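Written below as structure tokens is the structure these notes are about.
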Amino acid sequence: MELLNIKKLDLAGKKVFIRCDFNVPMDEFGNISDDRRIRSAISTIHYCLDQNCAVILASHLGRPKGEVVEKYSLAPVARRLQHLLKRDVTLAKDVVGEDAMSKAAALKDGEVLLLENLRFEAGETKNDPVLAKTLASMAEFYVNDAFGVSHRAHASVEGITHFFDNEHKAAGFLLDREINFFGKLINSPVRPFAAIVGGSKVSGKLEALVNLLPKVDKIFIGGGMAFTFLKQMGYNIGASLVEDDLLQEAQSIMDESKKLGVKLYLPVDVVAAEKFAEDAVSKIVTAQEIPSGWMGLDIGPATVRLYREGLNDVQTVLWNGPMGVYEMDKFARGSSKIAHFVADSYATTVVGGGDTADLVQRVGVDDEMSFISTGGGASLELLEGKILPGVKPLMVEKSKEES
Ligand code: AMP
């Protein structure tokens, strides 16, 4: 199977609808703090503009839940796009309302229109066929370049594909690169292959953990999710984040890794704090001695040394999820030290997930990584071996001359 290729579309002088993932993090002042996802979509947009297309861009931002919420407007994205593309970008006032429809209809070759946040429409996340059809009616071609949301069967990702035949839809360059990269990573990783998994919750990554187990040689667990494992091991974890309903799952993961011979690493010490705040009193304690009422907010220095030791001989590293509350300087050291170590290694290093991408950028080692994926959830689902709902309609049998 292969993805429908944008270069095979006869785009010249036509209208093209590009589903992008401009779901970028914002700081407390409403500024875009990491525009990687916008920059990653530029090649596809440029390609279409070079074909003299009229380009309609669409994306979601945050979770406005089907209502117009001012703080989730794509206005800052339109400004950044304008800057990066060095040409005017018109922002429609709505998604499929009067303003968007009339602006899309009047769009001329070489012009760029950005629709308002797709999730201002309740039908987007419900994969509503009426919304999908209306979005599809704006253009002659559909291109999906939104890897980060391709694991969601949403109207602009999945539903819309049904209104275009194979000569009128394709994957953009970003989507293509991500899918091919993860395909190689799953099918033929250079071993030893290690996964570093962190972040807040086991629940979000449980299935991926289960599916990664048979594929990797080592797993390093950090972040809030480590405490569910530590609690299951009988440790007093104080007031640390825990998911009590997943204790049994944590046990099965530990049992399964033993059975498969996968080396599972858990923190041996943590930076514990009296409260979840930058100015909290904090101290380094062993995993066995977290005081009652205190919460572990970062891995400690002994864990960093242990993880470095374990990562030493690894040839491929997949990293998803920070080792601690990296947004607060006080609890960012564990993540930062692991980031530097991974970046300096000669291994193929793959970073998945918005938070982890943000983290390596803050630490300043993003250029040293082999590959930074624009999609956390999507990359985890690929690693689970799933075909993503937004990708499936863009897959065809390999053409004979190429296979
Ligand atoms: P996720 O979205 O599940 O990848 O989680 C990322 C978030 O996990 C980040 O915002 C971190 O601040 C948070 N996090 C990491 N470690 C901890 C911890 N020990 N306790 C609470 N939150 C954490």
The pairs in LYS184/LYS231; LYS263/LYS386; LYS184/LYS398; LYS8/LYS65 lying past 27 Å Cα-Cα in this model are LYS184/LYS231; LYS8/LYS65
Where does the charge balance sit around PRO291 when Lys and Arg score +1, Asp and Glu -1, over other residues with C-beta under 12 Å from its C-beta?
-1
With θ set to phi - 60° and the Karplus curve 6.51 cos²θ - 1.76 cosθ + 1.60, what are the ³J(HN,Hα) couplings of the range 100-106 in order, to the nearest whole Hz, using x for Gly and Pro?
5, 5, 6, 5, 5, 5, 8
Add +1 for every Lys or Arg and -1 for every Asp or Glu among the other residues with Cβ under 14 Å from the Cβ of ARG87, and state the total.
0
Isolated Cys in the chain by the 4.7 Å beta carbon test?
CYS20
Taking the alpha-carbon centroid of each part, what is the distance from the range 26-64 to the range 313-327 in angstrom?
26 Å
The chain - mean residue ellipticity at 222 nm from DSSP helices (-39,500 (n - 2.57) per run, n ≥ 4, rounded to 500)
-9500 deg cm²/dmol
Accessible area per residue of the range 181-383 at 1.4 Å probe, in Å²?
42 Å²
Those lysines that a straight Cα-Cα span of less than 19 Å connects to LYS15, excepting residues fewer than 8 apart in one chain
LYS7, LYS103, LYS108, LYS133, LYS169
For the range 117-128, just list the computed ³J(HN,Hα) in residue order, Karplus coefficients 6.51, -1.76 and 1.60, θ = phi - 60°, integers in Hz, with x standing in for Gly and Pro.
2, 4, 7, 6, 9, 4, x, 4, 6, 8, 6, 5
Listed highest first by mean packing, meaning other Cβ atoms within 10 Å per residue, what order do 128-134, 331-337, 105-111 come in?
331-337, 128-134, 105-111
Could you tell me what percent of the DSSP beta bridges with both partners in the range 6-174 are antiparallel, to the nearest 5?
5 percent
Return the long-range amide H neighbours of THR348 (sequence gap of 5 or more, or a different chain), with a cut-off of under 5 Å between placed amide H atoms.
THR316, VAL317
With label points built 7 Å along Cα→Cβ from the Cα atoms of ARG308 and VAL268, find their separation and express it in nm.
1.4 nm
For the range 6-174, which whole-number percentage of the solvent-accessible area (1.4 Å probe, protein heavy atoms only) is attributable to carbon and sulfur atoms?
47 percent
Is the shape of the range 6-174 rounded, prolate or oblate, going by the alpha carbon gyration tensor and its root eigenvalues a ≥ b ≥ c, with a/c under 1.5 for rounded and a/b larger than b/c for prolate?
rounded
Considering only protein heavy atoms, what is the solvent-accessible area of HIS162 at a probe of 1.4 Å, reported in Å² to the nearest 10?
130 Å²
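The values are calculated or read from the model by the stated rules, or taken from the named source; none is laboratory data. These figures come from a predicted structure and were not determined experimentally. Quick reminder, even Gly has a Cβ in these numbers, built from the backbone with ideal geometry, and neighbours come from all protein chains shown. The area values use the complete protein model at the heavy-atom level, side chains included, leaving out ligands, DNA and RNA. Shrake-Rupley method; radii C 1.70, N 1.55, O 1.52, S 1.80 Å.
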